[in-house]
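The block underneath contains the structure these notes are about, expressed in structure tokens.
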Number of protein chains: 4
Amino acid sequence: MKKIFYQLALAALSLGSFAQNFKVPKTTEVWEPLPKIVTPATTPGGAPSDATILFDGSNMNGWQHTKDKSASKWLLKDGAMIAKKGTGELMTKQEFGSFQLHVEFNMPLDSKKVGYPDGGNSGVFLHGKYEIQIFDSYNNEVPIYANGMAGSVYKQVIPIANAMLKPGEWNSYDIFFTAPKFRYNGSVETPAYVTVLMNGVMVLNHFEIQGTIQYIGIPSYEYYSGKGPIALQEHGSEVAFRNIWIRDL
Amino acid sequence: MKKIFYQLALAALSLGSFAQNFKVPKTTEVWEPLPKIVTPATTPGGAPSDATILFDGSNMNGWQHTKDKSASKWLLKDGAMIAKKGTGELMTKQEFGSFQLHVEFNMPLDSKKVGYPDGGNSGVFLHGKYEIQIFDSYNNEVPIYANGMAGSVYKQVIPIANAMLKPGEWNSYDIFFTAPKFRYNGSVETPAYVTVLMNGVMVLNHFEIQGTIQYIGIPSYEYYSGKGPIALQEHGSEVAFRNIWIRDL
Amino acid sequence: MKKIFYQLALAALSLGSFAQNFKVPKTTEVWEPLPKIVTPATTPGGAPSDATILFDGSNMNGWQHTKDKSASKWLLKDGAMIAKKGTGELMTKQEFGSFQLHVEFNMPLDSKKVGYPDGGNSGVFLHGKYEIQIFDSYNNEVPIYANGMAGSVYKQVIPIANAMLKPGEWNSYDIFFTAPKFRYNGSVETPAYVTVLMNGVMVLNHFEIQGTIQYIGIPSYEYYSGKGPIALQEHGSEVAFRNIWIRDL
Amino acid sequence: MKKIFYQLALAALSLGSFAQNFKVPKTTEVWEPLPKIVTPATTPGGAPSDATILFDGSNMNGWQHTKDKSASKWLLKDGAMIAKKGTGELMTKQEFGSFQLHVEFNMPLDSKKVGYPDGGNSGVFLHGKYEIQIFDSYNNEVPIYANGMAGSVYKQVIPIANAMLKPGEWNSYDIFFTAPKFRYNGSVETPAYVTVLMNGVMVLNHFEIQGTIQYIGIPSYEYYSGKGPIALQEHGSEVAFRNIWIRDL
């Protein structure tokens, strides 16, 4: 509701009367709405006051398996949730529109040895559709196509940089996602956009997502509500996750 | 040079032959260029391996006064550089195009008492032209127009959120800036864009900058090289800065 | 080839050296490439010198049926080609990318009496995919949904105006079409756009086409070469066509 | 008012409920608003029923000199208004926002002999600011920079084609102009766009206007109401004009 008010207020700003006097500073001042107050985290990578905690290390209650909505069969160990082989993708029970997402992940030690495709392979699926790839891209050592490396939107774009750490070390993704909009006839009005930091380094800058990702074939958009869950892939590789939180944008 | 090669490679990707077989995964694989390897910082807010350090607490050698290019007259104290009243704006000796910038700042304890305009007032000027406002906006307490609060592009937009800490506490800005481009006749081809995190919280999301900021009057673009320094404002308020680094994008 | 040279030349214009002196008029002069010389028609609605004549009233040799590529079974009468009921859609043998298309059409006298859907119903399909609707919309009398009236991109947009003439009178469409572009992975890089004049009156202004039109369901793009034929619909209504020409853009 | 209703209706279309059933044709039908009925002209280049006639050959009452708003000193002869040397620019008394404009013009017989700058030189100034160049560009014979030829937005773009007729013959421009919009702080929200047909041939296709044109220096936008007059340049050349009409878009 607040958001709608905010948008209306901003819209109103562009209607301006044209008897404006731009020779005084007051003309270009806008006093409302005040921005929402958010208390930032006191620890690095921590959740701000308005975040929804998706995983804090204590339980996997917010997650279910994508294929049958069953309770998580992933491993809960040392404050991390681990993609147990053969259990399948997990997704949040809640859905989100546009958001800021923080997630930390750690590659298995055998990632490089196993190699593509199952070595150190996972992914964060935004709305369950758009994959920010997780892969053992440390030092560009494990061969894979560049638009499938960590930090890519899978098979859509090569990341700007590769700031991955070694297996065994915790990486972070900070993901800023703008949801797509659809028209009355179901066609795409505006596509989704994503900005990604990998360990604090920009790897995607307002990238226009080209549609639901595809391993084989052409990415394209299919009509939906514009909201969806966050999903984490299980791809035969025991990738660990921790400290996952999200904020509505 | 590398960047140009990268752009040509990406451009080539869109020319594709139309005898493509989208029924095999190989068709949508792109193997080059590999992303640049960057080693992330080992400390929160630290500089990645490819960053230029603009201020590390030891000296102000990279900075000069905007008005006369003289050596910095700001205070160097406890690893911070402090905007000494009456000394004027400082700017980097180096120029930058598109970049990722990290800067930390701390408001004077009297910011609220002094209030607008000189209480806790400063700003980060991208290319010396586009101000990301610094102001004591803690808890929305000090009255100022909303499009002049911390995290705004000054007099252009209200920030999405206010995640400022109290005077005496260190805040961070992570700023992702896309430089404007100009045409052969000097007109704006593409405007500048900026994304800003305040203490890790998104406050601007790919905002289209409207031109050089103005206290009085209308922001507009004026032709230049598309490169410029980072400047820090001195506005009668002893705002402290530390840990400033920048990476080319 | 010429086109590529032209685009390169324009691209070069945006790279300009920055030692430019904007105080002399010469700086903003561009001397090449000279525009292509085209001799306009000497009769209203006639074909310019660089046009491909698709139908001049003498034969239907440039056309074939869409379903089986057979020779036209439409009627050739009084210099017009008429959509004979039950024969099906006709399309050009040639394919085009971006273009300017002129086509004239005349509604059967029973259009209003028959009404929706078969009364005075046809359409111009750009690339065989994107329909500029032809319908007896004279005076808004025959009931149909507004985004299916003459001048609409069928089921995508309501035309800005309705300048249709009565059945028995010749209407013209002047259609300016920008072809879509696709990426290496088959996704849409830029959508198609269309501008349409109906009897000289603007009815669509640089409308962003939302994909292949659909009677039932959601319009979307499917990867193709970005070139295609012009097709004319046979929809149980003996709509007449004459004076059809096209120019590459 | 109608226009605002129309825009609201279109806006509403994008809000759609998400329980939509795209398996029935009804879902993608939109029944309102009906397009405005316009009766097209019965003569080539004639004014549609909703046009404002700016010049019909009988008088110059709708025009005044730009410099002092005095009555027209141009010549009225044989149904044409002619740019009498030394009298200066004429502009309409009325102002317009976005529009479709038709104007016909004829170059003096000595255009080529006089050559640049005063031979056959004039221009149509949209909102009095953005010049669609008029010049004797017949057959590319008179030397001038290409971005200053007939059909250019002067010193901004080379026209796509040159379809000019010889001096002594009547040319037409059909101009489709989208007015710029400005924000509350006076900055440009959306630039102006223009599409131009010269003698029925497309010479500009939704070109993004770069600002008020400049003979010397850089085109840029300056805040105004987004409405303005149509002006015709007197540039030492007795260019003739006839049949000028305009429709609001």
In the stretch B:54-82, the residues that are within 18 Å of the chain's Cα centre (by Cα), under 15 Å from B:GLY123 (Cα atoms) and hydrophobic (A, V, I, L, M, F, W, C)
B:MET81
With respect to C:SER49, is the statement that it is at pLDDT 95 or above and more than 14 Å from every other protein chain (Cβ to nearest Cβ) true?
no
Step by step: first the residues of the stretch D:182-235, then only those that are under 13 Å from the mean Cα position of the chain (by Cα) and within 14 Å of chain B (Cβ to nearest Cβ), then the one that is most open to solvent (accessible area, probe 1.4 Å). Which residue is that?
D:PHE207
Suppose the filter is β-branched (Val, Ile, Thr), open to solvent by 30 Å² or more (accessible area, probe 1.4 Å) and under 24 Å from B:TYR215 (Cα atoms); does B:THR92 pass it?
no
Whichever residue in the stretch A:61-85 is surrounded by 18 or more Cβ atoms within 10 Å (Cβ to Cβ) and aliphatic (A, V, I, L, M) and, among such residues, is nearest to A:ARG242 (Cα to Cα)
A:ALA80
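Within the stretch D:198-249, which residues are in contact with a His (Cβ under 6 Å, 6 or more places away or on another chain) and within 23 Å of D:VAL38 (Cβ to Cβ)? First the steps, then the outcome.
We begin by selecting, within the stretch D:198-249, every residue in contact with a His (Cβ under 6 Å, 6 or more places away or on another chain); these are D:206, D:228, D:245.
Result: D:HIS206, D:TRP245.
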Counting only residues that are under 20 Å from D:ALA179 (Cα atoms) and aliphatic (A, V, I, L, M), the stretch C:170-215 contains a total of 7
What residue, among those in the stretch D:158-168 that are in contact with a Phe, Trp or Tyr (Cβ under 8 Å, 6 or more places away or on another chain) and facing chain C (nearest Cβ under 10 Å), is surrounded by the most Cβ atoms within 10 Å (Cβ to Cβ)?
D:MET164
What do you reckon, is B:LEU126 away from every other protein chain (no Cβ under 14 Å), surrounded by fewer than 18 Cβ atoms within 10 Å (Cβ to Cβ) and not aromatic (Phe, Trp, Tyr)?
no
When you check B:PRO159 against the structure, is it touching a Pro at 6+ places or on another chain (Cβ under 7 Å) and in a loop (DSSP other than H, G, I, E, B), yes or no?
yes
For the stretch B:78-142, which fully contained strands (runs of 3 or more DSSP E) count at least 3 residues that are more than 23 Å from B:PRO159 (Cα to Cα)?
B:80-82, B:90-92
If B:LYS155 passes every condition in (1) surrounded by fewer than 22 Cβ atoms within 10 Å (Cβ to Cβ); (2) within 12 Å of another protein chain (Cβ to nearest Cβ); (3) not small (Gly, Ala, Ser) but one, which one does it miss?
(1)
Residues of the stretch A:26-43 being within 23 Å of the chain's Cα centre (by Cα) and either farther than 21 Å from A:LEU249 by Cα or open to solvent by 90 Å² or more (accessible area, probe 1.4 Å) (or both), which ones?
A:LYS36, A:THR42, A:THR43
Return a yes/no flag: does the stretch A:236-243 have any residue that is among the small types (Gly, Ala, Ser), surrounded by 22 or more Cβ atoms within 10 Å (Cβ to Cβ) and within 14 Å of chain C (Cβ to nearest Cβ).
no
Which residues, counting only those in the stretch D:165-180, are closer than 19 Å to C:SER49 by Cβ and part of a loop (DSSP other than H, G, I, E, B)?
D:LEU165, D:LYS166, D:GLU169, D:TRP170
Any idea which of (1) open to solvent by 10 Å² or more (accessible area, probe 1.4 Å); (2) more than 20 Å from C:GLY186 (Cβ to Cβ); (3) more than 8 Å from every other protein chain (Cβ to nearest Cβ) is the one A:ASN171 doesn't satisfy?
(1)
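The values are calculated or read from the model by the stated rules, or taken from the named source; none is laboratory data. What you are looking at is a predicted structure, and each value in this text was computed from that prediction instead of being measured. Because the Cβ atoms are built from the backbone with ideal geometry, glycine has one as well, and the counts that use them run over all protein chains shown. Only protein heavy atoms, including side chains, enter the accessible area calculation; ligands, DNA and RNA are left aside. Shrake-Rupley method; radii C 1.70, N 1.55, O 1.52, S 1.80 Å.
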